[in-house]
């Protein structure tokens, strides 16, 4: 089974992943429809941490703490893809899942998929429909710098996976020279803005 | 082998599902005093708030068929005869077993059981309660209600009926709502914010002393401060007691060992089971779904494979239903308090020997999973915890993983 891995040093914080995710999960399937729509659902969030950036989303743990904590049967695991899925029709937004998620990967909102007039939990669905048809998740497809990679997942890492993000981080092999330059500039800019040298 | 469950609640349903998914082919009988497929008590208040009844059956309405279960419903088990390996019901039936799974949960505790004879007075614990309340509200056109008891269930009841559009008065004996899952400061903050956000009339340090009826229907309630209120509906939710009498002869719960055995051939789990706390080691009833689920899985695994041990319960809980204002807590509220507040968000961690002893997070679920993992991991966090609580982007975990800022220690 495959998972989304992160080579965060290659993340340019361009947010193409966020945009692609929003379009993929919007009923209008277009940027124009998703823009400015309060119900737009974005399952990946680019977190800026000092001079680094990190695309944050559900890691589809096995076993998944959120699934084990959900008292409404809303969270299931697709045995074919390993995707941990959240069914908004059963979700009561009780937050038991968010209370135990080590990755802060579950949020609440009145999305387009919320069937009742209130918020539901939402999270990354690994673009399960796409990957079942042999495709890749929308965020990975949109990432031009190689920071997001959809790759085979080593089952021996599984046990640690629920507890540690490290499992999902990739090395910095093959960092293109221009990217190194970009990182250097970003580091300096961050230092300048935060009053450092 | 013949397996009998006393109870069809979440623990029993998880146990039976695990047995079947793991290949158990013997006969399974499930007994309950109610008439429903296994349902989720966490979900049932949403039925009152107007959401479909079907969503309460969290493992499917066809559970008994799907898992080849003989269901003995609408007849409560009154006695477990461990010597002869059988259970007896109120209607005089008996079921023999090779293995018993005793997960009867808890029931509402009423200060005045006679109040329930008055039309318009309800408990708030079972699907039977919810169906009765829903029908009463619809048929009588109820627009206001008094909820007596401001613990988890009472607040859940008040919010569900508020969600439905009723005018609610919530009466609570303590100085704050949710007194078990909060400390004084956190509880008062949560109480104030809930009142602001919902308009629910919260009356603290008050109890319902007496009720009066007219033609058998509730007409008004009298409070401990002497005042009265006209109302045709009263929810009594001041506490629960475990249904342990048929097995133990008292209502103090069912002590269990790490295999979830209460006695030879008798497993227990869920809101009736006395277990040890995973962090403190203290024995108690830790009545939340994740505990019940883990306990049921341990029991099923032990029954089939004779291995596995329960690592202990955790008293973590969250109330975020019907309103986007979560209240999360775990552990015990003693030690050195580290507090951070900003607007609607209030966070406090109690430290002992530098480790998290307990925590309360109000107004926002962000970072609550990270704090939960720090709590369970028993790592020292005293140098970093304030920075973690106050991090405006809730990025402490990611910072630590990226080796930036050192605002929090990495988890193993």
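The values are calculated or read from the model by the stated rules, or taken from the named source; none is laboratory data. Not measured: the values here are computed from a predicted model. Positions of Cβ are generated from backbone atoms using ideal geometry, with glycine treated the same way; all protein chains shown enter the neighbour counts.
Out of all the residues in the stretch A:80-90, which are part of a loop (DSSP other than H, G, I, E, B) and more than 9 Å from chain B (Cβ to nearest Cβ)?
Correct list: A:80, A:81, A:82, A:83, A:87, A:88.
Name every residue in the stretch A:103-131 that is without any contact (Cβ under 8 Å) to a residue 24 or more places away in the chain and within 11 Å of chain B (Cβ to nearest Cβ), in order of residue number. Explain how you work it out, then say what you get.
Kept after step one, since they are without any contact (Cβ under 8 Å) to a residue 24 or more places away in the chain, are these residues of the stretch A:103-131: A:107-108, A:116-117, A:129.
Correct list: A:107, A:108, A:116, A:117.
In this structure, is residue B:178 more than 29 Å from residue B:349 (Cα to Cα) and either surrounded by fewer than 17 Cβ atoms within 10 Å (Cβ to Cβ) or in contact (Cβ under 8 Å) with a residue 40 or more places away in the chain (or both)?
Answer is no for this residue.
Which condition number in (1) within 26 Å of the chain's Cα centre (by Cα); (2) more than 24 Å from residue B:260 (Cα to Cα); (3) at pLDDT 95 or above is the one that residue B:107 fails?
(2)
Please determine whether any residue of the stretch B:379-386 is outside any strand (DSSP E or B), within 14 Å of chain A (Cβ to nearest Cβ) and over 30 Å from residue B:17 (Cβ atoms).
yes
Just name the residue that is farthest from the other protein chains (Cβ to nearest Cβ) out of those in the stretch B:325-346 that are touching a residue at least 24 places away in the same chain (Cβ under 8 Å) and not in a strand (DSSP E or B).
Per the stated criteria, the residue is B:334.
Can you pull out the strands (runs of 3 or more DSSP E) entirely within the stretch B:230-311 that have at least 1 residues that are out of contact with any strand residue (DSSP E or B) (no Cβ under 6 Å at 6 or more places or on another chain) and more than 24 Å from residue A:94 (Cα to Cα)?
Once the strands (runs of 3 or more DSSP E) in the stretch B:230-311 are filtered for at least 1 residues that are out of contact with any strand residue (DSSP E or B) (no Cβ under 6 Å at 6 or more places or on another chain) and more than 24 Å from residue A:94 (Cα to Cα), what remains is B:261-263.
Report the residue count in the stretch B:275-300 for those that are within 16 Å of residue B:258 (Cβ to Cβ), surrounded by fewer than 22 Cβ atoms within 10 Å (Cβ to Cβ) and under 15 Å from the mean Cα position of the chain (by Cα).
1
Among the listed residues B:399, B:366, which satisfies the condition of being within 20 Å of residue A:107 (Cβ to Cβ) and in a loop (DSSP other than H, G, I, E, B)?
B:366
Looking at (1) touching a strand residue (DSSP E or B) at 6+ places or on another chain (Cβ under 6 Å); (2) surrounded by fewer than 18 Cβ atoms within 10 Å (Cβ to Cβ), which is the one condition that is false for residue B:165?
Against the list (1) touching a strand residue (DSSP E or B) at 6+ places or on another chain (Cβ under 6 Å); (2) surrounded by fewer than 18 Cβ atoms within 10 Å (Cβ to Cβ), residue B:165 comes up short only on (1).
Can you tell me which residue among A:77, A:66, A:58 is more than 18 Å from residue B:14 (Cα to Cα) and more than 8 Å from chain B (Cβ to nearest Cβ)?
A:58
Given the conditions (1) within 9 Å of chain A (Cβ to nearest Cβ); (2) at pLDDT 95 or above; (3) at positive phi, and given that residue B:322 satisfies all but one, which numbered condition is not satisfied?
Every condition holds for residue B:322 apart from (2).
Can you spot a residue in the stretch A:31-44 that is surrounded by fewer than 21 Cβ atoms within 10 Å (Cβ to Cβ) and in contact with a helix residue (DSSP H, G or I) (Cβ under 7 Å, 6 or more places away or on another chain)?
At the first step, the residues of the stretch A:31-44 found to be surrounded by fewer than 21 Cβ atoms within 10 Å (Cβ to Cβ) are A:31-33, A:35-40.
After this cut, where a residue has to be in contact with a helix residue (DSSP H, G or I) (Cβ under 7 Å, 6 or more places away or on another chain) as well, the list is A:31, A:40.
Yes, some residue in the stretch A:31-44 is surrounded by fewer than 21 Cβ atoms within 10 Å (Cβ to Cβ) and in contact with a helix residue (DSSP H, G or I) (Cβ under 7 Å, 6 or more places away or on another chain).
Hey, residue B:128 hits all of (1) more than 18 Å from the chain's Cα centre (by Cα); (2) more than 17 Å from residue B:321 (Cα to Cα); (3) surrounded by fewer than 18 Cβ atoms within 10 Å (Cβ to Cβ) but one; which does it fall short on?
(1)
Would the stretch A:154-168 turn up any residue that is closer than 30 Å to residue B:360 by Cβ, surrounded by 14 or more Cβ atoms within 10 Å (Cβ to Cβ), within 11 Å of another protein chain (Cβ to nearest Cβ) and at pLDDT 95 or above?
no
Among the helices (runs of 4 or more DSSP H) contained in the stretch B:90-209, which hold 1 or more residues that are closer than 25 Å to residue B:57 by Cβ?
Working: elements: B:127-140, B:152-164, B:184-198.
Answer list for the stretch B:90-209: B:127-140, B:152-164.
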